[in-house]
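Step one of this worksheet: look at the structure below.
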């Protein structure tokens, strides 16, 4: 965890409206160059997820990552042909580039299958899952690049069950390509704040409306990240449920919140803390001055136990979608039933 400020600074508040620049003693340090996250398969239906590789402290900055690909996006006019063509071009470029083609196909095999790219064998995939997935992590300048990634827990059986469910297209029309990539960007992309070179930032707290794409009425760049885009959704519980849990519900084995079996993070009273456990920021903002434009930094909202899945609230709803997150399964939506999250 980044070194905390001294006692005198802990109660000091930086007011950006009154101070042009935060005092140096309040600035946050980059994430520690220690293993922090690993990939595991949640289920063939959900796909991969990101899990804590060690205990993470409240407010800890977990990792800082550069984008895999960037294209134009507008939430309100998402089907605009010119914007979707930008997304298709960016994805095809990532599939064609020597440095990124293999990791792009392995990280997001469902989209690759829609582009007639068959999943690679497990022996080849595991090399990417164990090391290549951390290729875009940004270090602290002291040689810590990539060290926050702790590899993969995906087994051969899990990988083959996941990729065996994918239907590989025989041919891809331009219409098919546009539909596939637009759907992909709606689910996995984060919109870059205005004026990314001028210090603008975008953040998500993991509460309602936490998705970087929500409320984006203007056309801006949107980024896909190898690790950041694999963090799955978890609904924010209804207010009445935020301090209690369902005693009769238990997580489904097909969509675990933890790799260790226990998994449920608890507060000091021993009760589970439901809801999303992470937040994000894109670009330099506030005290996280080190975050570069278009880069994402993931932060723990609370203590996260080793083996617990990292989650945040996507903040988007879509009819006909059955949410499998812990909040919905444990009945904490305040009588709303399934949240129909996108």
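The set of residues in the stretch 78-108 that are in a loop (DSSP other than H, G, I, E, B) and either touching a helix residue (DSSP H, G or I) at 6+ places or on another chain (Cβ under 7 Å) or surrounded by 18 or more Cβ atoms within 10 Å (Cβ to Cβ) (or both) comprises 78, 79, 100, 108. Among the residues making up the stretch 248-281, a single one is in contact with a helix residue (DSSP H, G or I) (Cβ under 8 Å, 6 or more places away or on another chain) and either outside any loop (DSSP other than H, G, I, E, B) or modelled with pLDDT of 90 or more (or both): 280. Checked against (1) loosely packed, with under 15 Cβ neighbours inside 10 Å; (2) at pLDDT 50 or above; (3) more than 18 Å from residue 300 (Cβ to Cβ), residue 58 meets all criteria but (3). So is residue 112 more than 30 Å from residue 289 (Cα to Cα) and surrounded by 20 or more Cβ atoms within 10 Å (Cβ to Cβ) or not? Taking the combined requirement at face value, the residue satisfies it. In the stretch 212-232, the count of residues that are buried (at least 19 other Cβ atoms within 10 Å of the Cβ), in contact with a helix residue (DSSP H, G or I) (Cβ under 8 Å, 6 or more places away or on another chain), at pLDDT below 65 and in a loop (DSSP other than H, G, I, E, B) is one or more.
Among the listed residues 46, 117, 37, 138, which satisfies the condition of being surrounded by fewer than 22 Cβ atoms within 10 Å (Cβ to Cβ), within 17 Å of residue 226 (Cβ to Cβ), touching a residue at least 12 places away in the same chain (Cβ under 8 Å) and in contact with a strand residue (DSSP E or B) (Cβ under 9 Å, 6 or more places away or on another chain)? Among 46, 117, 37, 138, only 138 is surrounded by fewer than 22 Cβ atoms within 10 Å (Cβ to Cβ), within 17 Å of residue 226 (Cβ to Cβ), touching a residue at least 12 places away in the same chain (Cβ under 8 Å) and in contact with a strand residue (DSSP E or B) (Cβ under 9 Å, 6 or more places away or on another chain).
The values are calculated or read from the model by the stated rules, or taken from the named source; none is laboratory data. The model shown is predicted, which means the values in this text are computed figures rather than measured ones. Cβ sites come from the backbone with ideal geometry, for glycine too, and all protein chains shown count toward neighbours.
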